[in-house]
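Any read-out appearing in this document is the output of simple, stated calculations on the displayed coordinates, not a laboratory observation. Quick caveat, the model's predicted, so the values are computed rather than measured. With ideal geometry, Cβ positions are generated from the backbone for all residues, glycine too; neighbour counts draw on all protein chains shown.
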Amino acid sequence: MMRRQVTTQVMALVIGLLMFANTSAATLGWQDTHVIELRGKQLPMLLGMPQERLSVVRWSADEGFAPVPFQIDEYGAADLVWFASTGLHREEEAGIMAPEDMLLLKASDAGARAPKEVEPEYGSLVAEIKVSHRGDDYYFYVVTDSPRRSAETYVEHNLTTGVTRTASYTLKVDPKNELNWTYLSHVGYQGEGSIIDTLKMRMSAGFMSRRARVTLDNHNLRPRVTGFKVGPIRSVMHLETRVVITGISVMKLQLQAYRYPDHYEAHSHAVIPALYKAMLKAPEVTVSIDGNAQYGATVQTANSEGVEAVVKGEPNVLQQELIDKGLDANNSWILFNSQQNFSLLAYLDLPESLADTPLALVFEDDKELENKPEQFPGQLPNLGYALKDWPPEKELRFSVKMYFDQSLEGQDIASYTHHRTQAATVVVKALGNSETH
């Protein structure tokens, strides 16, 4: 009798999980992979408030108002997350909500719209955040002076070991050099070992002439950590490195790495002195990921027009066709499908002022080619972006965003890339006595 009861319970649990999985795939796919990012200027009723007074809740008929994980990151110069330790300038006082500061929420934590007459047990409602996607609306509420906080967190990042774990992926990097990725796995991946070999960043230029060319790689750049925080929604690392060519310190490169529940972002910023812009000829910056023996994987790009290249361990015509078709600031995504239940969508984000920067596709597929630093022989494949020449402005700024996912079988690729890279539609409404700070 006991065995039958246990068996019945197990079957009910399995059926319940399957029903949840099917519901999730049908209705929560978008929410599960998106983080809502709101600038302070989108939340004018919060400007000037001490951040410690703020919290976020959702509404449901069963729970009433319940706290959800949220994160507020302060921003400073160069539109980078601000750390006092970096020396970057910040206009506003630390700890006070400012126009460029960012409130982060995970879309899957949203709830229903609260009835107008309902008030939270603790604190006061000051803002309603409506998130819309494909005709459906989801809601968050900002509360002041409530002691209640959610204990849930979506990102675990250990700076000492270099290990990051989320519900979707595990990433290991050299704790002494953020650029040297050593291991990446993703839930459901059916291959063996690490999906990737490493992340690669290179800066090259001719000194006084195009022929006397110097190239810096992960080893030469070796950024050092000058700021770090882990929040429930993402972790933020601030790294700095001096770009030295032929013994001359050309510029200071600032990098920020963001680890989200389902993706990774690398933001770069540098100020280029006019003197060195004149001295360095045909400069190029490349950022790419080298795969680990991803034979049979397919690659498409925003400009591929249906062309899909297969990774074979040797260059071929279709790969060259993708390279020739190129990329540009408005069409920059690269889609890698391992065919082993893992996909990676890369997206290059350039500010409008740098939208005319010449951009090229990096696509190396060669089992014999060495292109250090790397753990495993060959480029299988090495995929990414090359920014060519100096921007017209004195600032070089760009970000590379890498979205991790499972199989894309049966999905419309254009629709998928749009949904992963585009922000949700958000409407903010002031509530209660939100004018009082």
Between (1) 76, 69, 43; (2) 73, 62, 41; (3) 59, 57, 44, the structure-derived Cα extents along the principal axes in Å is (2)
Spelling it out for Gly291: with amide H atoms placed in the peptide plane at 1.01 Å from N, the residues 5 or more places away or on another chain with amide H under 5 Å from its amide H are Asp197, Leu380, Asn382, Leu383
One finds the C-alpha centres of the stretch 172-235 and the stretch 241-298 to be spaced, in Å, by 9
Excluding residues fewer than 8 positions from Lys429 in its own chain, the aspartates and glutamates with Cα under 13 Å of it are Glu128
Taking r as the C-beta separation of His133 and Ala282 and R0 as 41 Å, the FRET efficiency to the nearest 0.05 is 0.40
So Lys176 and Glu368, fully extended at 0.36 nm per residue minus their Cα-Cα distance, gain in nm 66.3 nm
So, relative contact order of the chain in percent, Cα under 8 Å, 6 or more apart, is 15
Distance in nm between Thr215 and Thr161 label points, each 7 Å along Cα→Cβ, equals 3.5
Measuring from its Cα centre, the chain shows a charge dipole (+1 at each Lys and Arg Cβ, -1 at each Asp and Glu Cβ) which, in debye to the nearest 20, is 820
Among Lys252/Lys325; Lys41/Lys106; Lys116/Lys401; Lys312/Lys401, the pairs whose Cα-Cα distance exceeds 30 Å are Lys252/Lys325; Lys116/Lys401
Checking Pro358, Pro232, Pro120 against a Gaussian network model of the chain (alpha-carbon springs below 10 Å), the top fluctuating residue turns out to be Pro120
Net charge near Asn158 (other residues with Cβ under 12 Å of its Cβ; Lys, Arg +1; Asp, Glu -1) is +2
On the formula 1/(1 + (r/R0)^6), with r taken between the Cβ atoms of Glu93 and Val187 and R0 of 56 Å, the FRET efficiency rounded to 0.05 is 0.85
Listed residues Met279, Met203, Met102; largest mean-square fluctuation, Gaussian network over the chain with Cα springs below 10 Å, found at Met279
Two pseudo-spin positions, 7 Å from Cα along C-beta at Phe228 and at Ala355, lie apart in nanometres by 3.8
For 172-184, 361-373, ranked highest to lowest by mean beta-carbon neighbours within 10 Å, the order is 172-184, 361-373
Contour minus Cα-Cα span, Ser249 to Asn303, at 0.36 nm per residue, comes to 15.7 nm
Among Tyr154, Tyr122, Tyr75, the residue with the largest mean-square fluctuation in a Gaussian network model of the chain built from Cα contacts under 10 Å is Tyr122
Binned at 10 Å starting from 0, the alpha-carbon pair-distance distribution of the stretch 192-299 in whole percents comes out as 12, 36, 30, 18, 4
